[in-house]
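Here's the structure, in structure tokens; my notes come after.
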Ligand code: 4NP
């Protein structure tokens, strides 16, 4: 069965779309098939493309992100995905509150998948500058590489 992964942040226009395209990119490079999606705990930006700075940092790293559209996380995601990965601890506690009793998805924090960073937040770059988005890209890429290495053996 193909492993499925959903990344979740607050707005689904900065961090989780970057995690989505980073994981897709590492899968493509590694020849690994995975179902990858992203969502926000809030519905503020539902239907909209990512933030311009999200599209720009992805493009600086050779990856397309402008086709993505934001959506809010839904209860059925807990049954539809194998892994739901929160970008920060607030997202994780919001997801824990939404989690239905029959959830099959395994919940974790993105930086739990990066050695030495377990339990840490991917800081929200929304109020930051381009360097904040560069840092986000590095964090989501590091996690994506480790996830592909681990989940391809699952
Ligand atoms: P994200 O960033 O959760 O990484 O997508 C944010 C995007 C929008 C807002 C906050 C965070 N906002 O307040 O609209």
Simple spin-label estimate for residue 1/residue 79, 7 Å along Cα→Cβ, in nm, reads 1.4 nm
Fewest-first ordering of 106, 145 by Cβ atoms within 10 Å yields 106, 145
Taking the chain, the equivalent ellipsoid from its C-alpha gyration tensor has semi-axes in Å, biggest first, of 21, 18, 15
Rounded to one decimal in nm, the spacing of the 7 Å Cα→Cβ label points at residue 104 and residue 135 is 3.8 nm
Note on region 74-154: alpha-carbon gyration tensor, axes a ≥ b ≥ c; rule is a/c under 1.5 for rounded, else prolate if a/b larger than b/c, else oblate; result oblate
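Coordinate-derived values only; no laboratory data. Just so you know, these numbers come straight off a predicted model, no measurement behind them. Neighbour counts run over all protein chains shown; Cβ positions are idealised from the backbone, glycine included.
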